[in-house]
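Peer 1: This is the structure I have questions about; it appears just below.
The values are calculated or read from the model by the stated rules, or taken from the named source; none is laboratory data. Everything quoted here is computed from the prediction, not taken from an experiment. FYI the Cβ positions are ideal-geometry reconstructions off the backbone, even for glycines, and counts take in every protein chain you see.
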Amino acid sequence: MLTVDINSISIIDEVISRTILKDIKFDVDKGKVYTILGKNGSGKSTLIKSITSLLPPDIYEVNGEVQFDDIDLLNSSEEKLREIRKKHIRYVFQDAANSFDPLKKIKYYFDLSNISPLKIEELLLFFLLPTFKKLSGLHSYELSGGMAQRLLIVLALLANPDILILDEPTSGVDYAVTNLILLKMKNFVRDNDKSVLIVTQDINFALKSSDYIAYLSDGRLTKFFTPNELLISPDEKVNNFINSFKEMSNASA
């Protein structure tokens, strides 16, 4: 469904061009959850934004191809890209509050979905959010960070995209909400034959939610492993990341 073959992503200015990611190659197939693990600053958000040309072209240069249903997203018109982002590939970014227009009430976004209030109410209830009526009268700045993030997930699910891309979906939410996100992602993929691509540093969430997991470090992406394969991977960087996580978990236990 989605084939990413990016030779390089570089930051450019008037003097130099600095490559930050290179040789990024992977496929996203229907009915699967894929996760890219990586530390803060490893380039995870940059990578997923590059998929549908969301990176500002005056700052970033992306060389390669991203094929979605025989369309090269890196060489498509802005009109075509907007259509794909709206109908086929939806994002939920970590900084959820900035994804909303602060001048518009949440009702504006509900109305854009063209989904019945009853259907929306079901998802709001699932994610432990206020009622449709109450949220409709609020602005985004009246929501907590966790509420804004869950609301973005709701709006993305209402669009029923072919691919749902989540950027650090468990940041700013508690354990109960994390489990709700996990359950909904699995159901979304299984019941609709859709795909989910997650970028996160949360290994536990990745292991529980994913069919395949890769690790991004030093500008390069490993191959995708099954969760069991990841835990016994011979890749030294993957092992170091997992061991660091285990040490932090043991220290906090």
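Peer 1: Could you tell me whether the range 22-37 includes any residue that is free of Cβ contacts under 8 Å to residues at least 40 places away in the same chain and over 26 Å from M147 (Cβ atoms)? Walk me through how you get there before you give the answer.
Peer 2: So in the range 22-37, the residues free of Cβ contacts under 8 Å to residues at least 40 places away in the same chain come out as 27.
If we keep only those that are over 26 Å from M147 (Cβ atoms) as well, we get 27.
Within the range 22-37, one or more residues are free of Cβ contacts under 8 Å to residues at least 40 places away in the same chain and over 26 Å from M147 (Cβ atoms).
Peer 1: A follow-up question, please. When you scan the range 40-58, do you find a residue that is surrounded by 15 or more Cβ atoms within 10 Å (Cβ to Cβ), at negative phi and in a strand (DSSP E or B), even just one?
Peer 2: Within the range 40-58, the subset surrounded by 15 or more Cβ atoms within 10 Å (Cβ to Cβ) is 42-55.
This time we only want the ones that are at negative phi, so: 42, 44-52, 54-55.
Retained after the next criterion (residues that are in a strand (DSSP E or B)): none.
No, the conditions are met nowhere in the range 40-58.
Residues checked against (1) touching a helix residue (DSSP H, G or I) at 6+ places or on another chain (Cβ under 9 Å); (2) closer than 15 Å to Y34 by Cβ; (3) hydroxyl-bearing (S, T, Y):
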{"position": "G145", "(1), (2), (3)": "yes, no, no"}
{"position": "N160", "(1), (2), (3)": "yes, no, no"}
{"position": "D167", "(1), (2), (3)": "yes, yes, no"}
{"position": "S195", "(1), (2), (3)": "yes, yes, yes"}
{"position": "T200", "(1), (2), (3)": "yes, yes, yes"}
{"position": "E229", "(1), (2), (3)": "no, yes, no"}
{"position": "P234", "(1), (2), (3)": "no, no, no"}
{"position": "F245", "(1), (2), (3)": "yes, no, no"}
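Peer 1: Right, another one. Just to be sure, is K223 modelled with pLDDT of 90 or more, assigned to a loop (DSSP other than H, G, I, E, B), on the phi < 0 side of the Ramachandran plot and not acidic (D, E)?
Peer 2: When the stated conditions are applied, K223 passes them.
Peer 1: Tell me, yes or no, whether the range 150-172 has at least one residue that is at pLDDT below 90, within 21 Å of I120 (Cβ to Cβ) and either touching a His at 6+ places or on another chain (Cβ under 6 Å) or of a type in the set (A, V, I, L, M) (or both).
Peer 2: no
Peer 1: I would also like to ask the following. Please enumerate the residues belonging to the range 161-203 that are free of Cβ contacts under 8 Å to residues at least 12 places away in the same chain and not aromatic (F, W, Y).
Peer 2: Step one: of the range 161-203, the residues free of Cβ contacts under 8 Å to residues at least 12 places away in the same chain are 175, 179, 183, 187, 191.
Once the filter is applied, which keeps residues that are free of Cβ contacts under 8 Å to residues at least 12 places away in the same chain and not aromatic (F, W, Y), the range 161-203 yields N179, L183, N187, D191.
Peer 1: For the range 38-54, does any single residue satisfy the condition of being over 25 Å from I213 (Cβ atoms) and either in contact with a His (Cβ under 6 Å, 6 or more places away or on another chain) or of a type outside the set (K, R) (or both)?
Peer 2: Residues of the range 38-54 that are over 25 Å from I213 (Cβ atoms), as a first pass: 53.
From what is left, the residues that are either in contact with a His (Cβ under 6 Å, 6 or more places away or on another chain) or of a type outside the set (K, R) (or both) are 53.
So far as the range 38-54 goes, yes, one or more of its residues are over 25 Å from I213 (Cβ atoms) and either in contact with a His (Cβ under 6 Å, 6 or more places away or on another chain) or of a type outside the set (K, R) (or both).
Peer 1: Follow-up. Tell me which residues, restricted to the range 226-253, are at pLDDT below 90 and outside any helix (DSSP H, G or I).
Peer 2: I232, S233, P234, D235, A253
Peer 1: Something else: Just to be sure, is K30 part of a loop (DSSP other than H, G, I, E, B), under 24 Å from F205 (Cβ atoms) and touching a Lys or Arg at 6+ places or on another chain (Cβ under 8 Å)? Break it down into steps so the answer makes sense when it comes.
Peer 2: Numbers: part of a loop (DSSP other than H, G, I, E, B): yes; under 24 Å from F205 (Cβ atoms): yes; touching a Lys or Arg at 6+ places or on another chain (Cβ under 8 Å): yes.
Judged against the criteria, K30 is a match.
Peer 1: In the set A148, A156, which member is in contact (Cβ under 8 Å) with a residue 24 or more places away in the chain, in a helix (DSSP H, G or I) and either of a type in the set (F, W, Y) or in contact with a strand residue (DSSP E or B) (Cβ under 6 Å, 6 or more places away or on another chain) (or both)? Before the answer, list the steps.
Peer 2: Working: A148 fails: either of a type in the set (F, W, Y) or in contact with a strand residue (DSSP E or B) (Cβ under 6 Å, 6 or more places away or on another chain) (or both).
Selected residue: A156, the only one of A148, A156 that is in contact (Cβ under 8 Å) with a residue 24 or more places away in the chain, in a helix (DSSP H, G or I) and either of a type in the set (F, W, Y) or in contact with a strand residue (DSSP E or B) (Cβ under 6 Å, 6 or more places away or on another chain) (or both).
Peer 1: Okay, next question. Sort out which residues of the range 73-122 are of a type in the set (D, E) and more than 22 Å from E142 (Cβ to Cβ), and write them in order of number.
Peer 2: Here is the first cut: in the range 73-122, the residues of a type in the set (D, E) are 78-79, 83, 95, 101, 111, 121-122.
Result: E78, E79, E83, E122.
Peer 1: From S50, S136, S116, S76, which residue is touching a residue at least 40 places away in the same chain (Cβ under 8 Å) and small (G, A, S)? If you could, list the steps in order and put the result at the bottom.
Peer 2: Details: S136 fails: touching a residue at least 40 places away in the same chain (Cβ under 8 Å); S116 fails: touching a residue at least 40 places away in the same chain (Cβ under 8 Å); S76 fails: touching a residue at least 40 places away in the same chain (Cβ under 8 Å).
Checking each option against the conditions leaves just S50.
Peer 1: Considering each residue of the range 159-215, count those that are within 13 Å of P227 (Cβ to Cβ), part of a loop (DSSP other than H, G, I, E, B) and of a type in the set (G, A, S), and give that number.
Peer 2: Matching residues across the range 159-215 total 1.
Peer 1: In this structure, is D13 over 22 Å from V238 (Cβ atoms) and more than 16 Å from the chain's Cα centre (by Cα)?
Peer 2: On the way: over 22 Å from V238 (Cβ atoms): yes; more than 16 Å from the chain's Cα centre (by Cα): yes.
Yes, satisfied.
Peer 1: Has the range 207-223 got at least one residue that is surrounded by fewer than 19 Cβ atoms within 10 Å (Cβ to Cβ), touching a residue at least 60 places away in the same chain (Cβ under 8 Å) and not charged (D, E, K, R)?
Peer 2: Looking for residues that are surrounded by fewer than 19 Cβ atoms within 10 Å (Cβ to Cβ), touching a residue at least 60 places away in the same chain (Cβ under 8 Å) and not charged (D, E, K, R), one finds at least one in the range 207-223, hence yes.
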